[in-house]
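Q: Dumping the structure here so I can ask a few things about it.
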Amino acid sequence: MMTLLVGTNRPGSNTRKVARQVEKIYAELNVPLHVLDLAQLPPEIFSPASYAEKPESFRPFAEAILRSYGLHVVTPEYNGSVPGVLKYFIDMLKFPESFLKRPVCFVGVSAGTWGALRPIEQLQAIFGYRNAYVYPERVFLPGIGGLLDDNGRLKDEELLKRLKSQTEGFVDFVERLQKIKLAG
């Protein structure tokens, strides 16, 4: 199973809207997908005591990462960086096994001009440090407010093609690295 990580806990986020479209692409490819939405994190994970002992309610999040053959991250850019909740989520996961030799790819969403280039580069550094296999094809969605229609779907066919190309390539990347067949 693949895991799609929605990298913010902001209610009604554009990141979640883009993630829904990535979700649809996986469904079209007939690839099993589990969605981890950081908006669903249990409140008790934010207790300082969680550094020493993770709450039981966090277990499904941690196990979803450990069971995943590949991780597809959709992240916004907040203040030129990774959202704090995404970095905190990464910090709460088991080290080193959560990302060790796990394929990962990135989609960046931003209101600004660069489409979350900075947080994607920061995540590439973090995941590289954690010895993940970083898929090189990234998708950047700058000026996201103008890219979505009233139903929260991307209006630009070229951007949808990029997302589809990335997802198809990432599935192939994961299948080759993990020596498994996901589609079908």
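The values are calculated or read from the model by the stated rules, or taken from the named source; none is laboratory data. Computed from a predicted model, the values in this text were never measured in an experiment. Note that each Cβ is placed from the backbone with ideal geometry, even for glycine, and that neighbours are counted across all protein chains shown. With ligands, DNA and RNA removed, areas are computed over all heavy atoms of the protein, side chains included. Shrake-Rupley method; radii C 1.70, N 1.55, O 1.52, S 1.80 Å.
Q: Tell me what the chain gives for mean residue ellipticity at 222 nm when only DSSP H runs of n ≥ 4 count, each as -39,500 (n - 2.57), the sum divided by the residue total, rounded to 500 deg cm²/dmol.
A: -12000 deg cm²/dmol
Q: Another one. Take every Cα pair under 8 Å in the chain that's 6+ residues apart, average their separations, divide by the length, and report that relative contact order as a whole percent.
A: 24
Q: At 0.36 nm per residue, and after removing the present C-alpha to C-alpha distance, how many nm does the segment from ALA111 to ALA39 gain when stretched out fully?
A: 23.9 nm
Q: Let me ask you something else. Rounded to the nearest 5, what is the percent of antiparallel bridges among the DSSP beta bridges in the chain?
A: 10
Q: Give a residue-ordered list of calculated ³J(HN,Hα) values for segment 18-30 (Karplus: 6.51 cos²θ - 1.76 cosθ + 1.60, θ = phi - 60°; whole Hz; x for Gly, Pro).
A: Residue by residue, segment 18-30 yields 5, 4, 4, 6, 5, 4, 5, 5, 4, 5, 4, 7, 6 Hz.
Q: If you take the charge dipole of the chain about its Cα centre, with +1 on Lys and Arg Cβ and -1 on Asp and Glu Cβ, which of VAL109, ALA52, ALA19 is farthest toward its positive end?
A: The listed residue farthest towards the positive side: ALA52.
Q: Percent of accessible area on the chain owned by carbon and sulfur, 1.4 Å probe?
A: Working: 4690 of 9130 Å².
C and S fraction of accessible area: 51 percent.
Q: Which order do peptides 50-60, 66-76 fall in by mean Cβ count within 10 Å, highest first?
A: Going by the mean number of other Cβ atoms within 10 Å, highest first, we get 66-76, 50-60.
Q: Right, something else. Report, by chain and number, residues whose modeled amide H sits under 5 Å from the one on VAL73, excluding near sequence neighbours (fewer than 5 apart, same chain).
A: LEU5, CYS105, PHE106, VAL107
Q: With θ set to phi - 60°, apply the Karplus curve 6.51 cos²θ - 1.76 cosθ + 1.60 along segment 126-140 and write out the HN-Hα couplings as whole Hz, x wherever there is a Gly or Pro.
A: 4, 5, x, 4, 7, 6, 7, 9, 8, 6, x, 7, 9, 10, 10
Q: Then there's this: Hey, in the GNM for the chain with a 10 angstrom Cα cutoff, which one of ASP172, ASP91, ASP150 fluctuates hardest?
A: Evaluated over the chain, the most mobile residue of the options is ASP150.
Q: Then there's this: Considering the chain as a Gaussian network with a 10 Å cut-off on Cα pairs, which listed residue, ALA49, ALA39, ALA64, attains the greatest mean-square fluctuation?
A: ALA49
Q: Any idea how far the Cα center of segment 124-184 sits from the one of segment 33-60, in Å?
A: About 25 Å separates the Cα centre of segment 124-184 from the one of segment 33-60.
Q: Kindly write out, for segment 144-160 in residue order, the coupling ³J(HN,Hα) from the Karplus curve 6.51 cos²θ - 1.76 cosθ + 1.60 (θ = phi - 60°), rounded to whole Hz, with x marking Gly and Pro.
A: 4, x, x, 8, 9, 7, 5, 9, x, 9, 5, 8, 8, 4, 5, 5, 5
Q: Also, I was wondering about something else. Picking from TYR88, SER68, GLN178, whose Cα lies most toward the positive end of the charge dipole for the chain (charges on Cβ: Lys, Arg +1; Asp, Glu -1)?
A: Most positive-ward Cα: GLN178.
Q: For an R0 of 22 angstrom, estimate the FRET efficiency from the Cβ-Cβ distance between GLN124 and SER81 and round to the nearest 0.05. Display every interim value, and only then the final one.
A: Numbers: r = 13 Å, r/R0 = 0.61.
With a Förster radius of 22 Å, E is 0.95.
Q: Calculate the tail of P(r) for segment 34-136: the fraction of all Cα-Cα distances greater than 17 Å, expressed in %.
A: The calculated P(r) of segment 34-136 puts 53 percent of pairs beyond 17 Å.
Q: Follow-up. Solvent-accessible area per residue for segment 1-150 at a 1.4 Å probe radius, Å²?
A: Using a 1.4 Å probe on heavy atoms only, each residue of segment 1-150 averages 47 Å².
Q: Determine the dipole magnitude for segment 83-135: charges of +1 sit on the beta-carbon of Lys and Arg, -1 on that of Asp and Glu, nothing else is charged, the reference point is the Cα centre, and the result goes in debye to the nearest 20.
A: Charge dipole, segment 83-135, about its Cα centre: 100 debye, nearest 20.
Q: To continue, here is another question. Please quote Rg/Rh for the chain to two decimal places, taking the Kirkwood radius as Rh and restricting both calculations to Cα atoms.
A: 0.94
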